[in-house]
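A short write-up of the structure that comes next.
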Amino acid sequence: MKKKVILVIIDGLGDLPIPELDHKTPLESANTPMLDMLASKGICGMNTTIAPGIPPGSDTAHLSLFGYDPKKYYTGRGIFEAAGLGIPLKPGDIAFRTNYATVKNGIVVDRRAGRINDDDNELAKVFTDLEFDGIIITYKPSVEHRGCLVLHGNGLSDKITSNDPKIEGNPPATIQALDNDADKTVQILSKLINEVETRLGILDFNKRRVAEDKLPANALLVRGASSAVNFPNFQKKYGLKGASCIAGGALYKGAATLAGMSVINVQGATGRVDSDLKAKVTASIQSLENDDFVFLHFKGADNEAHDGNFIGKTQFLERIDSVLEPLTGMENVVLAITGDHSTPCSLRDHSADPTPILIYFPNCRNDKVDTFSERSAISGGLGHLRGTDTINTIMGMANRTKKFGA
Ligand code: ZN
Ligand code: ZN
C-alpha cells in the first residue's frame, strides 16, 4: 500500500563540536526528546546533499533533496526568486535578482537605496510596458529594495556578468557577455537598465525622497542571471496526488514551485527565528488530508548559525522538537527529517560536513541509533546517502517507486 510522505528540512541542521557546549554540537546539546524518540524507533544515516567536500548552497541542496541533479538543473538564483514570486517561466527565459540602489556622481553610495520600502509599488511602475527587440519584461518586487526581473523570449543567455559592484564607493560594473551567444542579452539588459534608470530619475516618489533627505532609488543592480529549464514534475514522477510546500522563505517556495509543488502560505511563517512553527506543523497535517506529499521547511537554525549564535541554534532546534509531536505516529505516513547542509556556528557559513537524516514510519526497519545527532546517525541503518538519492530512498519506503526488472 502506498504511503504519504512528510519531508521536514531543517536548514543548516548539521554543526561541529563547540567547546562552550562541552564539545557537543547544538543538535547534541539541545534537549530533543521527540527527535530522539523518532531516531530510536526509526532509521538514521548521514546525508551528503551535493557531493563530498562541497559546501552546498540552500538552493542547490534543495534541488538535490527533491531528486534534481543540481549539475543539470541549477542555472543560478534568479529562477528561484522568480518562481517564489509567482512569475511564470518558460524554458529560455532569463531571471535576475535585483536591487534598487543609490548612485551619486556615477558612484554607488548605497547598494540598497536606504533599504527603501515601496509598499505602494510606485517604483515598480517604471517597469511597465517595456519591450526590447521582441523581448518582454516582467518585474516583481519582493521585500525592501529587492525584486526580480525576467526577460521572456528567444535567443537569450544567462552567461553574463552582473552590474553590482558588490562594494559601495565604486561605479556600477559593466555587464559583460561570458560567451558569444550572450551579446544580445547584454545589449537588451543595458538598454533596459538605461530606460528604467531614466524613468526612476523623474519619478515623484524619488523627488519626495530627495526632498526629505532620503536616498533615492535611482539605479538598478541586477545579479544571479539564470535561465529557466524544464523541471520534470515531482508529483508525476512519484505518482503523487498533490504535493505541497510549507515554508517562510521565498527561496524554498521557489525551489518547490520549480518542482511543481503547490505553495501553502501560512500566517506567521516568516522564514526567520520568530516563525510560527506550530502553525506550520498544523498546516502540514491539514495539507496531508488531500495531498500525498508535504515539504515542511524550518529556516531559523541556519540564521542563528550564520550569526555564530550556538545558543540560539540550540534553542531553535528545541523549539522545532517541541512542535513535532502531531507529525508522529500517523498510520501510512513516512516522516523524514534532515538538513539541507551543515552550517557550523564556528564558521558562520555552510560547510561540506554531511548532515544527519532520520526516517520513521510504523513498523519500519529500525536500527540501534537512539538519539538524533551528527555523531549518532553515522552508525544508522541508512548508511551514507547522496542528496539526489534521498527522495528515492524515502519514496521507496512509501512504496512509490517502480520495480526494476521482472
Ligand atoms: Zn540552507
Ligand atoms: Zn545558510
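The values are calculated or read from the model by the stated rules, or taken from the named source; none is laboratory data. Keep in mind that what you see is a predicted model, and the values were worked out from it rather than measured. For neighbour counting, all protein chains shown are included, and Cβ atoms are generated from backbone atoms with ideal geometry for every residue, glycine included.
Points to keep in mind about this one:
- Test for Thr128: is it surrounded by fewer than 21 Cβ atoms within 10 Å (Cβ to Cβ), of a type in the set (Ser, Thr, Tyr) and either over 23 Å from the mean Cα position of the chain (by Cα) or under 14 Å from Arg209 (Cβ atoms) (or both): yes
- Positions within the range 255-276 being modelled with pLDDT of 95 or more and either of a type in the set (Val, Ile, Thr) or in a helix (DSSP H, G or I) (or both), in sequence order: Ala255, Ala256, Thr257, Leu258, Ala259, Val263, Ile264
Here is a yes/no grid of residues against (1) surrounded by fewer than 23 Cβ atoms within 10 Å (Cβ to Cβ); (2) closer than 30 Å to Gln176 by Cα; (3) more than 18 Å from the chain's Cα centre (by Cα):
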site	(1), (2), (3)
Phe234	yes, no, no
Gly260	yes, no, no
Asn265	yes, no, no
Ser275	no, no, no
Thr282	yes, no, yes
Asn309	yes, no, yes
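- Unique residue being within 13 Å of ligand 2 (Cβ to nearest atom) and either surrounded by fewer than 17 Cβ atoms within 10 Å (Cβ to Cβ) or under 19 Å from Tyr252 (Cα atoms) (or both) when the list is Lys299, Lys368, Lys313: Lys299
- Enumeration of residues in the range 380-401 that are farther than 21 Å from Lys4 by Cα and among the basic types (Lys, Arg): Arg386
- The listed residues are Gly387, Gly381, Gly396, and the only one of them that is free of Cβ contacts under 8 Å to residues at least 40 places away in the same chain and not β-branched (Val, Ile, Thr) turns out to be Gly396.
- For the range 137-254, the helices (runs of 4 or more DSSP H) that sit wholly inside it and include 1 or more residues that are closer than 20 Å to Ile87 by Cβ are 183-201, 234-237.
- Filter pass, Ile18 being of a type in the set (A, V, I, L, M) and either under 20 Å from Tyr252 (Cβ atoms) or within 16 Å of ligand 1 (Cβ to nearest atom) (or both): no
- Extreme residue, farthest from ligand 1 (Cβ to nearest atom), among residues of the range 50-102 that are part of a loop (DSSP other than H, G, I, E, B) and of a type in the set (Val, Ile, Thr): Ile87
- Some residue of the range 83-90 being more than 23 Å from Asn154 (Cα to Cα) and without any contact (Cβ under 8 Å) to a residue 40 or more places away in the chain: no
- Single unsatisfied condition, Ala305 versus (1) touching a residue at least 40 places away in the same chain (Cβ under 8 Å); (2) within 16 Å of ligand 1 (Cβ to nearest atom); (3) out of contact with any helix residue (DSSP H, G or I) (no Cβ under 6 Å at 6 or more places or on another chain): (3)
- Among residues of the range 15-48, those that are buried (at least 23 other Cβ atoms within 10 Å of the Cβ) and touching a His at 6+ places or on another chain (Cβ under 7 Å), counted: 1
- Residue tally, condition part of a loop (DSSP other than H, G, I, E, B) and within 14 Å of ligand 2 (Cβ to nearest atom), over the range 342-365: 9
- Taking the range 319-368 as the range and being within 16 Å of ligand 1 (Cβ to nearest atom) and at pLDDT below 95 as the test, no residue passes.
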